[in-house]
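Structure record follows, encoded as structure tokens.
Values in this text are rule-based calculations from the coordinates and carry no lab data. Small disclaimer: the values here were computed from a predicted structure and weren't measured. Don't worry about glycine lacking a Cβ; one is built from the backbone with ideal geometry, like all the others, and counts go over all protein chains shown.
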Amino acid sequence: SAKNAGRDGFAFFTPAMHEEAETQAMLHQEMRFAVSDNQLELHYQPIKHLDSGNITHVEALIRWHNPQRGLVRPDLFIPLAEKTGLIREIGHWVREEALAMINRMQQYGIQLSVAVNISTAEFYDRELAQKIVQQVQDAGVPRGSLMVEITESLLIRNQQETLNFLQTLQAAGIRVALDDFGTGFSSLSYLAAFPADKLKIDRSFVHQMSSDSRKQALVDTIITLGHSLNMTIIAEGVEEEADEILLRARACDSIQGYFLARPMTETMLLNFLLDYPDDIREPARHNPLPV
Ligand code: C2E
Ligand code: MG
Ligand code: MG
Ligand code: MG
């Protein structure tokens, strides 16, 4: 307001906004060295196929160990990296690290795909798809072992480019998931035009759905819609067993969430996988050894 204008010339900067801008500027400064100083790390969260009980893949989720601030969550620094363009360098690093991880898992006899998130802001690079395909080839990982997650906002922004992007990736055997589905503003006609392989129902619909019939109705509709478009459906944010049971009854294909496992370090994931009873349909039930 006019009352805030004057003295120091910051006409519409409240103290809080000023502080926020300062924090952002500082974070940006600090983030410039995050990649080269090895401050970034990937955590991994498993995705379980409901019918077989198998872990089909993991999602890579970035973490930043800021020397002053400790662990910074991606919701805070990814938007900033998007604004400053640093997201390209970070995105490249994430894929390199995920591909190296796929190779390390192979050494343990674990054949698992890894999904990486791709920011809409990375698409200002028109050669992104070719670069990703090249990264995968250079890493020498099995075909199909890297997957990517994009959001609806991409579909709205550059339709022809998005289509080219998807086709280039899919020709190289890289599957694509539509992340956070239901939170964007894409019309259904976009879905018809963009052949993604998987659809991830945003956790806002899944959270506490067992006690919310409206959420259940929406989840039902999304599952039916996705299946009719030949997509595999993953429910995000499954925190309770009741949700898993409901999703299973509704023919949802896979689940991801704290009920199964939180995102974890590579070492924790390897232990989780080596312990995981992949030949058992129901959650771990340890039969006593015969005496
Ligand atoms: P996302 O891709 O939708 O990832 C899922 C988020 O939900 C993760 O948050 C995960 O920790 C969280 N989550 C998983 N299960 C549950 C649950 O049962 N309950 C609740 N409440 N949350 C759950 P995270 O790791 O903080 O990441 C947040 C977002 O940051 C991601 O959302 C993604 O959009 C972005 N992000 C993460 N890593 C990267 C990355 O490497 N590159 C880019 N561009 N974005 C990333
Ligand atoms: Mg994701
Ligand atoms: Mg998501
Ligand atoms: Mg999200």
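Structural remarks
- Counted by Cβ distance under 9 Å from Glu122, the other residues give a net charge of -1, where Lys and Arg count +1 and Asp and Glu count -1.
- Distance violations [Cα-Cα > 31 Å] among Lys48/Lys131; Lys131/Lys198; Lys131/Lys215: Lys131/Lys215
- Under 15 Å, Cβ to Cβ, from Pro142 - net charge with Lys/Arg +1 and Asp/Glu -1: +2
- Overall form of the stretch 54-172 per C-alpha gyration tensor (a/c, 1.5; a/b vs b/c): oblate
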